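See below for the structure under consideration.
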Amino acid sequence: MAGRISQPFIDDLIDRSDIVEVVGSRLQLKKSGKNYSACCPFHDEKTPSFTVSPQKQFFYCFGCGAGGNVIGFLMEHDHLDFPQAVEHLAKAAGMEIPREESSPHAEAQQRRRLDIYSALEDASRFYQMQLRKHQSAIDYLKSRGLTGQIAKEFALGFVPNEWDSLIKLNANSPETLRLLVEGGMLIKRDDSGKQANDDRSHYDRFRDRVMFPIRDQRGRTIAFGGRVLGDQKPKYLNSPETPVFHKSRELYGLYEALQQRQRPDELIVVEGYMDVVALAQFGVRNAVATLGTSVGSAHMDRIFRHVSQVVFCFDGDAAGRTAAQRALDACLPAMLDGRQARFLFLPEGEDPDTVIRSEGAEGFQRRAANAKTLSDFVFELAGEGLNLSNADHKALYAHKSLPYIQQLPKGLLQSMLIQRLANETGLEKQQLLDGIKSEPPAANNVPTETSRQKPEPAEAETAPVNQGRRISENFKKLLVLILQAPRLALREELDDELLTQEDTQGLVENIRTLVRQNPTAEFINLHGYWTGYAPEIAEQLTQIYGSSLLKSLPQEKLEADFTETLTRLKHRLTRAEIEQRIRQIAAVPFEELTQELREEQRSLHNKLREGQMHKKT
């Protein structure tokens with residue numbers, strides 16, 4: 001890989017890589033509040049102290065102090081150097097690593113993505129406000145059994161029956177309109193489609209629909225689904241593919257399901273947004289839905305990163321059976337030992353919404369618990385229309401079963417299906433094994449060497465960092481606030497005198513440099529860059545920020561806490577200066593101690609006492 005990898009590309013790569021997925025494919029993670037925990041892979045322990053934060057995309061071990069982003073985890077766990085870790089993640093994300101000369105373009109792309117996220121979030125807030133103003137939409141949701149609380153949790157909204165709702169909202173911002181076009185919310189009009197006296201160049205994609213914001217695993221709005229209030233066609237309309245939305249990889253409701261205090265043991269895959277929300281309303285909080293596509297391999301990878309069991313829920317008609325077969329095809333290659341999949345078919349004419357309203361959560365969950373196992377569904381499909389008392393049919397049954405079985409990874413499940421097929425057909429197990437001609441793909445291609453020397457990091461244009469002097473607790477708190485909101489590093493009150501006193505001028509200057517280049521930078525962006533090009537800074541930030549990372553402050557408190565902590569530090573600095581001057585006067589020989597020095601000494605002691613009284617008060 002020639003040249004330095006640009007910071008915008010690293011930002012984009014971290015943005016597209018889910019640390020929970022990467023770590024979860026290597027460790028057995030358990031949900032713990034908003035985070036995930038496991039026994040640390042970097043030191044021996046019996047009680048888990050290793051924590052992964054999906055919100056901050058960061059890991060930290062309270063036992064040994066190891067921590068970092070998704071790139072750092074791969075470097076440490078898989079014994080990769082920085083370029084290798086980046087290549088591994090880029091390949092998984094389908095990204096091409098740009099050369100240095102392409103970095104301005106990559107930087108522009110990353111900033112554009114961040115701007116699109118912001119524009120979509122603004123649109124979501126607008127739709128939520130509109131829902132409160134339109135009684136027809138409220139009545140529709142109530143008719144579906146939904147409460148205001150569940151609508152708020154899923155950020156449901158409504159778009160009026162107008163062609164220019166978003167356009168009017170952003171009429172004074174041409175740039176925002178361009179972002180909404182890129183984000184799939186506005187459609188740019190072809191001049192040939194204009195009517196007489198119609199000068200609109202854009203129009204809203206969604207009109208007169210209940211709006212379901214689609215959120216990624218970090219809670220960012222990336223797209224929308226809209227449902228009509230009546231029976232008009234199309235009933236559902238989804239956002240198109242955009243720079244921030246790829247429907248084949250996303251699952252509606254996954255973010256909300258993972259926010260629950262108790263991690264779900266399984267996920268239930270249903271077919272529509274309303275099914276997900278209706279199930280949640282009645283207490284089934286682990287449902288997700290694909291976004292107008294069949295279940296695919298990327299969906300299965302994402303599901304099994306979070307749970308070991310999945311239930312596919314389909315209508316019992318022909319279309320539901322066809323959808324179930326597609327889900328089975330996507331599911332089979334992902335069925336590593338320890339994973340389970342079941343297939344639930346509802347009565348014809350019913351859907352999850354209607355079933356749970358008539359049978360309640362207990363009835364629906366009972367159906368899910370008794371759903372067909374993957375094994376039963378495989379053999380049911382293979383045996384359709386066959387009579388297994390007939391020898392020819394037995395041979396055909398085996399012939400139709402083997403293509404399913406050979407898609408399974410080698411392991412216990414595949415072996416048990418082969419044994420079951422042997423029992424049902426009377427064929428020898430070895431005959432069936434011989435029928436599986438192709439090897440399943442390798443599950444992982446990550447190097448497994450237990451030791452690997454890391455190359456020297458590329459030369460980094462960074463200022464010197466603290467080389468071991470202890471940073472005061474107050475200043476550590478100030479740094480934690482800066483790392484939660486890096487823009488605070490640019491505040492003028494954070495002057496050189498204070499930074500020099502704490503011996504942190506180099507560290508803060510490094511933060512300032514990257515924030516000036518990228519004003520919207522977050523901690524994970526800073527850490528991602530320094531992981532590769534200034535690991536000593538990344539290490540220092542991990543030690544300062546690590547455990548505090550899991551205690552994020554609300555945005556409204558950051559500014560106030562920053563000002564308060566800075567004032568306390570300034571006062572401490574003044575006190576240190578007074579104490580130093582008192583020591584200087586005390587060192588003056590008695591015969592040289594003038595009246596002026598004695599008065600200055602008394603005055604300084606009085607200032608210290610006044611400061612202490614003020615502090616107690």
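The values are calculated or read from the model by the stated rules, or taken from the named source; none is laboratory data. In this text, all values refer to a predicted model and were calculated from it rather than measured experimentally. Every residue, glycine among them, receives a Cβ derived from its backbone with ideal geometry; neighbour counts consider all protein chains shown.
Taking interchain pairs and intrachain pairs at least six residues apart, which have beta carbon atoms under 7 angstrom, with the first residue in the stretch 384-395 and in contact (Cβ under 8 Å) with a residue 24 or more places away in the chain and the second not in a loop (DSSP other than H, G, I, E, B)?
Partner pairs satisfying both residue conditions: LEU388/LYS394; LEU388/TYR397; LEU388/GLU424; LYS394/THR425.
Considering only the stretch 510-519, state which residues are in a loop (DSSP other than H, G, I, E, B) and surrounded by 15 or more Cβ atoms within 10 Å (Cβ to Cβ).
ASN518, the sole residue that qualifies.
Among (1) modelled with pLDDT of 90 or more; (2) under 38 Å from the mean Cα position of the chain (by Cα); (3) outside the structural domain of ASP329 (by TED's automatic domain parsing), which single condition is SER375 missing?
Condition not satisfied by SER375: (3).
Based on what the data block shows, is LEU328 more than 22 Å from TYR255 (Cα to Cα), touching a residue at least 60 places away in the same chain (Cβ under 8 Å) and either within 28 Å of the chain's Cα centre (by Cα) or buried (at least 19 other Cβ atoms within 10 Å of the Cβ) (or both)?
Working: more than 22 Å from TYR255 (Cα to Cα): yes; touching a residue at least 60 places away in the same chain (Cβ under 8 Å): yes; either within 28 Å of the chain's Cα centre (by Cα) or buried (at least 19 other Cβ atoms within 10 Å of the Cβ) (or both): yes.
So LEU328 fits the description; yes.
I'd like the full set of residues that are free of Cβ contacts under 8 Å to residues at least 60 places away in the same chain and either part of a loop (DSSP other than H, G, I, E, B) or touching a Gly at 6+ places or on another chain (Cβ under 7 Å) (or both), limited to the stretch 200-222.
ARG200, SER201, ARG205, PHE206, ARG207, ASP208, ARG209, ASP216
Taking the residues in the stretch 130-163 that are of a type in the set (A, V, I, L, M, F, W, C) and farther than 26 Å from GLN217 by Cα as candidates, determine which candidate is modelled with the lowest pLDDT. Can you show your working first?
At the first step, the residues of the stretch 130-163 found to be of a type in the set (A, V, I, L, M, F, W, C) are 131, 137-138, 141, 146, 150-151, 154-156, 158-159, 163.
Applying the additional criterion that residues be farther than 26 Å from GLN217 by Cα yields 137-138, 163.
Working: ALA137: 94, ILE138: 95, TRP163: 89.
Only one residue fits best here, namely TRP163.
Which residues, counting only those in the stretch 346-362, are assigned to a loop (DSSP other than H, G, I, E, B) and of a type in the set (Asp, Glu)? Spell out the reasoning first.
Looking only at the stretch 346-362, we keep the residues that are assigned to a loop (DSSP other than H, G, I, E, B), and these are 347-351.
Scanning the stretch 346-362 gives GLU348, GLU350, ASP351.
Among (1) in a helix (DSSP H, G or I); (2) at pLDDT 90 or above, which single condition is SER192 missing?
Tallying (1) in a helix (DSSP H, G or I); (2) at pLDDT 90 or above, SER192 fails exactly one: (2).
Picking from LEU550, LEU593, LEU558, LEU573, which residue would you name as being assigned by TED's automatic domain parsing to the domain that holds GLN484, at pLDDT below 75 and under 30 Å from CYS64 (Cα atoms)?
Values: LEU593 fails: under 30 Å from CYS64 (Cα atoms); LEU558 fails: at pLDDT below 75; LEU573 fails: under 30 Å from CYS64 (Cα atoms).
Among LEU550, LEU593, LEU558, LEU573, only LEU550 is assigned by TED's automatic domain parsing to the domain that holds GLN484, at pLDDT below 75 and under 30 Å from CYS64 (Cα atoms).
Being of a type in the set (A, V, I, L, M) and not in a loop (DSSP other than H, G, I, E, B) is the filter here, so list the residues in the stretch 581-600 that pass it.
ILE582, ILE585, ALA586, LEU597
Of all strands (runs of 3 or more DSSP E) completely enclosed by the stretch 44-161, which ones contain at least 1 residues that are among the charged types (D, E, K, R)?
Details: elements: 50-53, 58-61, 157-159.
Filter on the stretch 44-161 gives an empty set.
Please find, among PHE379, PHE343, the residue that is assigned to a helix (DSSP H, G or I) and not β-branched (Val, Ile, Thr).
On the way: PHE343 fails: assigned to a helix (DSSP H, G or I).
Result of the check over PHE379, PHE343: PHE379.
Assuming GLU380 fulfils every condition listed in (1) over 36 Å from the mean Cα position of the chain (by Cα); (2) modelled with pLDDT under 90 apart from one, which condition is it?
Against the list (1) over 36 Å from the mean Cα position of the chain (by Cα); (2) modelled with pLDDT under 90, GLU380 comes up short only on (2).
What is the residue count in the stretch 223-245 for residues that are of a type in the set (A, V, I, L, M, F, W, C), assigned by TED's automatic domain parsing to the domain that holds TYR127 and assigned to a loop (DSSP other than H, G, I, E, B)?
Number satisfying all stated conditions: 1.
Which numbered condition trips up LYS31, out of (1) modelled with pLDDT of 80 or more; (2) surrounded by fewer than 23 Cβ atoms within 10 Å (Cβ to Cβ); (3) outside any strand (DSSP E or B)?
(3)
Residue by residue, here is whether (1) of a type in the set (Gly, Ala, Ser); (2) outside any loop (DSSP other than H, G, I, E, B); (3) at pLDDT 85 or above holds:
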residue: LYS247; (1), (2), (3): no, no, yes
residue: ALA257; (1), (2), (3): yes, yes, yes
residue: GLN262; (1), (2), (3): no, no, no
residue: VAL269; (1), (2), (3): no, yes, yes
residue: ASP275; (1), (2), (3): no, yes, yes
residue: LEU279; (1), (2), (3): no, yes, yes
residue: SER294; (1), (2), (3): yes, no, yes
residue: ASP301; (1), (2), (3): no, yes, no
residue: PHE312; (1), (2), (3): no, yes, yes
